[in-house]
Amino acid sequence: MKFEPVIGLEVHAQLLTDSKLFCGCSTKFGSEPNTQVDPICLGMPGVLPVLNRKAVEYAIKMALAVECEVNRKSVFARKNYFYPDLPKGYQISQYTEPIAERGCLEIEVDGVKKTIGITRIHMEEDAGKLLHGEGPEDAGFSFVDLNRTGVPLIEIVSEPDIRSADEAQAYLKALRDILIYLGICNGNMEEGSFRCDANVSVRPVGAEKFGTRAELKNMNSFKFVKEAIDYEIQRQIDLIESGGKVVQETRLFDSAKGITASMRSKEEAHDYRYLPDPDLLPLMVSDELVSEVRSTLPELPRAKRERFVTEYAIPAYDAGVLTASRDLAGYYEQVVSETGEPKLSSNWIMGELLRLLNEEGRDVKDCPIPPSGVADIIKMVKGGQISGKMAKEVFEEMYRTKKAAADIVKAKGLTQISDEGELAKIVEEIVNANPDNVAKFKAGKTNVIGFFVGEIMKATKGKANPGVINKLLKEKLEA
Amino acid sequence: MDLTTLTIKELSEKLRKKETSSVEATKAYLKRIEAVEGKVHAFVTVTPDEALSMAEAADKRLAAGQGAPLTGIPIALKDIFCTRGVRTTCSSKMLEGFVPPYDATIARKLKEAGAVILGKNNMDEFAMGSSTENSAFHKTLNPWALDRVPGGSSGGSAAAVAALECAASMGTDTGGSIRQPASCCGVVGLKPTYGRVSRFGMIAFASSLDQAGPLTRSVEDAAIILQAIAGHDPSDSTSIDTPVPDYLASLNKSVKGLKIGIPREYFIEGMDPEVEGSIRKALDVLKSLGAELVEVTLPHTQYAVAVYYLVATAEASSNLARYDGVKYGLRTKEAGGLLDMYKRTRDAGFGDEVKRRIMLGTYSLSAGYYDAYYKKASQVRTLIKNDFDEAFKSCDVIATPTAPSAAFKIGERVEDPLTMYLSDIFTISCNLAGIPGISVPAGFTKENLPIGLQLLGKSMDEETVLRAAHAYELSGGWLGRRPTL
């Protein structure tokens, strides 16, 4: 029997607000434990939450970017469970009435496009962290760091529309790209600012009913997401084929072993005893706020990619690379606007610029060469002032020293000689000094022209414009 | 002259005329506390040093002519309000050593108004109870009869005000916890509209019902305090952002033509005849002042207690989850692992009534029961609120007894939680509807136990409630009656 996997993803994205969801504490990552806390996020007696408006705007931004309907009324609810990283004994989340529902996201795998439904987006607060003592003095102790407690999150829940680990990866990447484009999440999977759980089941091809699902956790890179899902699909198929039954459970991915292992069964699952949070009024979102947020939406990755292909007539591949980040796309567009050369600009950015940046792991935001610098180089090559080979040398120098192209060219004396009068004299000298080769040329051995070019380059220290030399040589020799 | 017998209004006038000082008044109260606290046990913590330095500061303000009506007035707070630097226990072992690093908004407002805080009053643990017998530390006794309870949960506040241990105290009312003890102790107790006074820093029992308010010796004093504590608080999202009226300005207006609704469902057969008699007489007084009595109906009244014990316990089970031994408060030492620490800490830290309510609330929120209990209760709550909206179409205030009986004997209802829950039968609907209510002394039983008249008003209409209560108080003949201790 052939099986098909059915996958739904739950993504948690930390929002890049300066302060927490319900209090004024900083959300900065990596500070000393428990330095970004106050009585509110510590859950001290009698304190009350006050909702962060910025976080609401960010959630709406994401909702609009993935074509969700923004609910005019949503309700914060308490998700009750005991854990030391949860100071109130409940997490403030949204349950039956989330801020947004019914969206979708288009993905592409091996050239095939597909739309993945988005069930809902809801807002919630993050929990803190537990650090377990490992040293001789603190073994057996657990330490609580509540800096992260109360940091705003959105949870984006997909429909079970995903049919392979590759699709899951493509969906995650597309989602992450959008979050970063919107500037509302840094997308860092290792720091946990972008986290993913996967619900995976399999069913015989053609079957309508879903199989029993397992929820996969602890996949903190795109690679692990793929590995975990692939492993889980195969595990479930093997289990069914050998006469077993998949049980509903939560499974943890073990990246060292490349396997998933049971964490808790359905019976052990928490009963979260959700109730509407009486400390917060229902969140009312006005039409004005939605349109205000909509007006701040940037062009999203897919739209930008498609526009680059049509507007600049560059290959889809180029467009994909150039729109990988909003900053790079902006950089490219500035270069094009100055040069009017979409393909040349793309070649320079994808070839030289990204090579240099990637060598250092540098972001385009911190690029030492401004877009106008790349434009200068392209214009110089096009105008014949320098050769393509020289240009690469100058470009690296610009990258290292942040000097302007013209200054480097001048200082190095790299200006190409394109003046026909000046070059004609040199051509004449070289031709006159080599009568043997002139004879060979006239006898039909036209490839000796390479010898003449080489001699002229030697004489001009490589500065002669090859195009002009070729033209002059032909005129001279064929005369 | 004994300064402790004065109302806030009277003492404030004397302070302003420099006939006495806040330090003198504070000392008089501290002396009184020393004299009677051994009998009444109304306080968990008394803070004489802090009180005297607040009094000195108040005297400076008064000397500079910058006094507000509460400047220099010695008051107390139910031990449910967080006070910066002063331990706040909620009368629970769980918080026995808890010293908050912040003030509740109303503690801050009262301090800013120049009030002198004498200490923290005893209460039922986490405000759960109707007799103050559920305090983890000691029972508070009714100053009118030391073998009786002062009511609850703000029993310490009511007893302290009645026993002249403070000029007023701040209480909280979730299902009657200000009004019922006020009734039991013969003082005035006002529960404002939900959202009129900030809940920030007030330790939560049931967040959608809890509201802070004053216990005082006169209606006028209650208006003075409400003036100081009412208003929007950006730290409390549920506090209402509308202007605060001048409560004293309308206080003395006539009640002529005021329509007083008498709910059919609250005057039922089997009611304590002494209570009923007193309330009927009080209504006659109001009628003689020109008020018009009209019958109204609140048809869902019979469900109020059931709805209340589902909603309040559900919220409480969540609100009290934070007391887990991890961050502050009690943690048992002998625990062997996380789950064991939770269990032992909560077992040792909470009393029986608190545990009972946490279990009730946890149950009603559990998967499979939520719809039948919590959700259904929330729906019926809306019906109860609608009842009041409907009734207030034909009246301005609603009058009922505050409690079905006068103060009962200590220990009488401890073993019978259901009877204890019925002590709040007349006060609970008001919290479910979020409307304001007041209890004002309206007579005594043959055994000289106080009886309270409850007046309920429209949402945000504290003015009318205060006006009616004030009119009754001036003509009822009970003002200034004090227990002998």
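Which of A:Phe451, A:Ala433, A:Leu473 sits farthest toward the positive end of the charge dipole of the stretch A:420-478, with +1 on the Cβ of Lys and Arg and -1 on the Cβ of Asp and Glu?
A:Phe451
Report the Cα centroid-to-centroid distance between the stretch A:64-90 and the stretch A:203-247 in angstrom, as an integer.
The stretch A:64-90 and the stretch A:203-247 have Cα centres separated by 28 Å.
Using Cα centres only, tell me the gap between the stretch B:227-289 and the stretch B:96-149 in whole Å.
Centre-to-centre (Cα) distance: 24 Å.
May I have the pair-distance distribution P(r) for chain B, computed from all Cα-Cα distances with 20 Å bins from 0 and rounded to whole percent?
Going from the shortest bin to the longest, the percentages are 26, 60, 14, 0.
Compute the projected area of the convex hull of the Cα atoms of the stretch B:315-383, averaged over all viewing directions, and report it in nm² to one decimal place.
Result: a mean projected hull area of 5.6 nm².
What does the charge add up to near A:Gly467, with Lys and Arg as +1, Asp and Glu as -1, over the other residues with Cβ less than 14 Å from its Cβ?
With Lys, Arg at +1 and Asp, Glu at -1, the neighbours total +2.
Over 22 Å between Cα atoms: which of A:Lys79/B:Lys191; A:Lys2/A:Lys226; B:Lys191/B:Lys409 fall into that group? Numbers along the way, then the final one.
Numbers: A:Lys79/B:Lys191 30 Å; A:Lys2/A:Lys226 20 Å; B:Lys191/B:Lys409 25 Å.
From A:Lys79/B:Lys191; A:Lys2/A:Lys226; B:Lys191/B:Lys409, over 22 Å: A:Lys79/B:Lys191; B:Lys191/B:Lys409.
Where Lys and Arg each count +1 and Asp and Glu each count -1, what net charge lies around B:Ala471 among other residues with Cβ under 11 Å from its Cβ?
Around B:Ala471, the charge tally is +2.
Name the residues whose placed amide hydrogens come within less than 5 Å of the amide hydrogen of A:Ala464, ignoring near sequence neighbours (fewer than 5 apart) on the same chain.
A:Ile417
Radius of gyration and Dmax for the stretch A:420-478's Cα atoms, expressed in Å?
Reported Rg and Dmax, both Å: 10.4, 30.
In whole percent, what relative contact order does chain B give with Cα contacts below 8 Å and a gap of six or more residues?
17
Per the Kirkwood definition applied to all pairs of different Cα atoms, how many angstroms is the hydrodynamic radius of the stretch A:3-292?
On the way: mean 1/r = 0.0496 Å⁻¹.
This gives a value of 20.1 Å.
Net charge around B:Ala127, counting only other residues with Cβ within less than 11 Å of its Cβ (Lys, Arg = +1; Asp, Glu = -1)?
Around B:Ala127, the charge tally is -4.
Which three extents, in angstrom, do the Cα atoms of the stretch A:301-412 have along their principal axes, listed largest first?
Principal axes ranked by extent give 44, 30, 18 Å for the Cα atoms.
Throw me the Rg/Rh for the protein assembly as shown, computed over C-alpha atoms with Kirkwood Rh, two decimals.
1.17
Long-range amide H contacts for A:Gln94: which residues qualify at under 5 Å (H placed 1.01 Å from N, peptide plane, sequence gap of 5 or more or a different chain)?
Here A:Ala77, A:Met123 satisfy the definition.
Please tell me the relative contact order of the stretch A:420-478 in percent, rounded to the nearest whole number, where contacts are Cα pairs under 8 Å and at least six residues apart.
Values: 37 pairs, mean separation 26.1, N = 59.
It comes to 44 percent, rounded to a whole number.
Enumerate the calculated ³J(HN,Hα) couplings along the stretch B:99-108 in order (Karplus 6.51 cos²θ - 1.76 cosθ + 1.60, θ = phi - 60°), each rounded to whole Hz, writing x wherever the residue is Gly or Pro.
Going residue by residue, I get 10, x, x, 8, 9, 4, 4, 6, 5, 5 Hz, with x marking Gly and Pro.
Can you work out ³J(HN,Hα) from phi for every residue in the stretch B:248-256, in order, using Karplus 6.51 cos²θ - 1.76 cosθ + 1.60 and θ = phi - 60°, giving whole Hz and x for Gly and Pro?
7, 4, 9, 4, 8, 5, 5, 9, 4
Run the accessible area of the stretch B:93-158 with a 1.4 Å probe and give the carbon-and-sulfur part as a rounded percent.
50
Suppose every K and R has +1 on its Cβ and every D and E has -1 on its Cβ; what is the size of the dipole of the protein assembly as shown about the Cα centre, in Debye to the nearest 20?
760
Output ³J(HN,Hα) for the stretch B:367-373: one whole-Hz value per residue in order, computed from phi by the Karplus curve 6.51 cos²θ - 1.76 cosθ + 1.60 with θ = phi - 60°, and x for Gly and Pro.
With the stated coefficients, the stretch B:367-373 comes to 3, x, 10, 3, 5, 6, 10 Hz.
Using modelled amide H (1.01 Å from N, peptide plane; none on Pro or chain starts), what sits under 5 Å from the amide H of B:Ala145, excluding residues fewer than 5 places away?
Amide H neighbours of B:Ala145, under 5 Å, 5+ apart: none.
The values are calculated or read from the model by the stated rules, or taken from the named source; none is laboratory data. The shown structure was predicted, so the numbers you read here are calculated from the model rather than taken from an experiment. Cβ: placed from backbone, ideal geometry, glycine included. Neighbour counts: every protein chain shown. Accessible surface areas use protein heavy atoms only, side chains included; no ligands, DNA or RNA. Shrake-Rupley method; radii C 1.70, N 1.55, O 1.52, S 1.80 Å.
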